[in-house]
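**Q** Got a structure for you, questions after.
The values are calculated or read from the model by the stated rules, or taken from the named source; none is laboratory data. Treat the numbers as computed from the prediction; the structure is a model and nothing was measured. Using ideal geometry, Cβ is built from the backbone for each residue, glycine included, and neighbour counts are taken over all protein chains shown.
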Amino acid sequence: MDAMPEPLLVKLGERSYPIIFGPDLAPGIRETAQALAAAGGKIAVLTDRQVAEKQGPFLRLALGDAPALVLPAGEETKSLASLGRVLDFLAERKLSRTDALLVVGGGVIGDLGGFAAASYLRGIDFYQVPTTLLAMVDSSVGGKTGVNLAAGKNLVGAFHQPRGVFVSTGLLATLPAREFAAGFAEVVKYGLLGDASLFAELEREPLTASSPGLPAVIRRCCAIKAGLVEADERELAPEGGRALLNLGHTFAHAIEQVAGYGNYLHGEAVAIGLAAAARLSLKLGLIPATDVARVDAVLAAHCLPSRLREPLRQESLRAAMASDKKVRSGSLRFVVMRSLGSAFVRADVDPAAVDACLREIGAG
């Protein structure tokens, strides 16, 4: 077994915070809660039913008898209605600005809990305890929080950085195979946008939940994201910066919305989005067809799709893209690749090329 990675600091001045890695971080989480209590504060916990059922011993050791709100698992929970439930829970528990919310779950619970923490009393502290691979490598880091609307994904939210992130890799042992595979879409994304050697490693040897090198890969992805967040926290850089993390996501968010939230796991939609982004990069004359085939092969090796399971209306996907939060001055921006391992933002994309990519991933 490879050694567990060293902690990583996300450097944002007075809002800097650590990402801690370990096979079982329940004792460290308990110490954090006890330190807060010693200082006169208290915690409340937000999680989902799937985590509560599968990670009971971890939760009891980490959190003791801290009050907890348990919500249904799944993308449908990432809603304004659920946000109201969390805010009411915090108010009922009389949390103050010296208290904290501890969010235990995947990307849905993490985004929802972070937005609740940003909104309640105009902002309280929160800690992320990601329980899925996708949340460990991506959504728990960086401070993007929010919920979905019928009009689109993540259209309501706030930038609110956590006080700390506990990546307890032992939690992955009970993760369903489909959920684990979905998380690898974000790992592949990091290789494509800024780490060609990581992508090459994924080509040579697909990773599994039992791979000794998995914790190091998780830290590597966190480090890439931390660097982009430190340089461009609020995604304001015009030609790249944090926006590079949206590689494949313009397509993915449209797929999730049109198919109905929950029909595709987020990572599955991202995988198809990465396949579409590779095809768009080819049509723009940036990468060769052999690179598109390499992207498809890596996705397949990690049990991820590169095409829609069933056709979705092309017109509906285009309309969903038009309401995407990445639109600037009426122009939709795409993250494309100049090579595998190097990406940039492009706004002047021919709609006909986008339509062709949608057809190639199975849109009707």
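**Q** Residue 188: in contact (Cβ under 8 Å) with a residue 24 or more places away in the chain, out of contact with any helix residue (DSSP H, G or I) (no Cβ under 7 Å at 6 or more places or on another chain) and buried (at least 20 other Cβ atoms within 10 Å of the Cβ), yes or no?
**A** no
**Q** Separate question: Please work out if residue 138 is part of a helix (DSSP H, G or I), among the charged types (D, E, K, R) and farther than 18 Å from residue 21 by Cα.
**A** Considered against the rule, which asks whether it is part of a helix (DSSP H, G or I), among the charged types (D, E, K, R) and farther than 18 Å from residue 21 by Cα, residue 138 comes out as no.
**Q** Can residue 192 be described as more than 15 Å from residue 103 (Cα to Cα), part of a loop (DSSP other than H, G, I, E, B), over 14 Å from the mean Cα position of the chain (by Cα) and assigned by TED's automatic domain parsing to the domain that holds residue 225?
**A** no
**Q** Do we have residue 297 as at pLDDT 95 or above and over 25 Å from residue 142 (Cα atoms) here?
**A** Against the criterion (at pLDDT 95 or above and over 25 Å from residue 142 (Cα atoms)), residue 297 qualifies.
**Q** Name every residue in segment 229-244 that is in a helix (DSSP H, G or I) and either without any contact (Cβ under 8 Å) to a residue 60 or more places away in the chain or more than 15 Å from residue 189 (Cα to Cα) (or both), in order of residue number.
**A** Of everything in segment 229-244, those that are in a helix (DSSP H, G or I) and either without any contact (Cβ under 8 Å) to a residue 60 or more places away in the chain or more than 15 Å from residue 189 (Cα to Cα) (or both) turn out to be 229, 230, 231, 241.
**Q** Out of curiosity, is residue 126 in the same structural domain as residue 143 (by TED's automatic domain parsing) and outside any helix (DSSP H, G or I)?
**A** The answer is yes for residue 126.
**Q** Of everything in segment 203-218 that's more than 21 Å from residue 176 (Cβ to Cβ) and of a type outside the set (D, E, K, R), which residue is surrounded by the fewest Cβ atoms within 10 Å (Cβ to Cβ)?
**A** By that ranking, first place goes to 212.
**Q** Residue 206 versus (1) in the same structural domain as residue 339 (by TED's automatic domain parsing); (2) part of a helix (DSSP H, G or I): which is the lone unmet condition?
**A** It is condition (2) that residue 206 fails.
**Q** Failed condition for residue 185, given (1) aliphatic (A, V, I, L, M); (2) assigned to a strand (DSSP E or B); (3) within 14 Å of the chain's Cα centre (by Cα), with all others met?
**A** (2)
**Q** Looking only at strands (runs of 3 or more DSSP E) that lie completely in segment 1-85, which have at least 1 residues being within 23 Å of residue 220 (Cα to Cα)?
**A** Per the criteria, 8-10, 17-22.
**Q** Residue pairs, Cβ under 7 Å, 6 or more apart or interchain, first in segment 144-169 and over 12 Å from residue 114 (Cβ atoms) and touching a residue at least 60 places away in the same chain (Cβ under 8 Å), second among the acidic types (Asp, Glu) and in a strand (DSSP E or B). List them.
**A** Cβ pairs passing all conditions: none.
**Q** Pairs, please: C-beta under 7 Å, at least 6 apart or cross-chain, first residue among the charged types (D, E, K, R) and in segment 7-27, second assigned to a strand (DSSP E or B) and at pLDDT 95 or above?
**A** Correct list of pairs: 24/168.
**Q** Given the conditions (1) in contact with a Pro (Cβ under 8 Å, 6 or more places away or on another chain); (2) hydrophobic (A, V, I, L, M, F, W, C); (3) closer than 25 Å to residue 179 by Cα, which single one is not true for residue 282?
**A** (3)
**Q** Give segment 110-126 a look and list any residue that's closer than 15 Å to residue 17 by Cα and buried (at least 24 other Cβ atoms within 10 Å of the Cβ), or say none.
**A** Of everything in segment 110-126, those that are closer than 15 Å to residue 17 by Cα and buried (at least 24 other Cβ atoms within 10 Å of the Cβ) turn out to be 114, 126.
**Q** Residues to consider are 44, 66; find the one that is in the same structural domain as residue 23 (by TED's automatic domain parsing) and in contact with a Pro (Cβ under 6 Å, 6 or more places away or on another chain).
**A** Exactly one residue qualifies, and that residue is 44.
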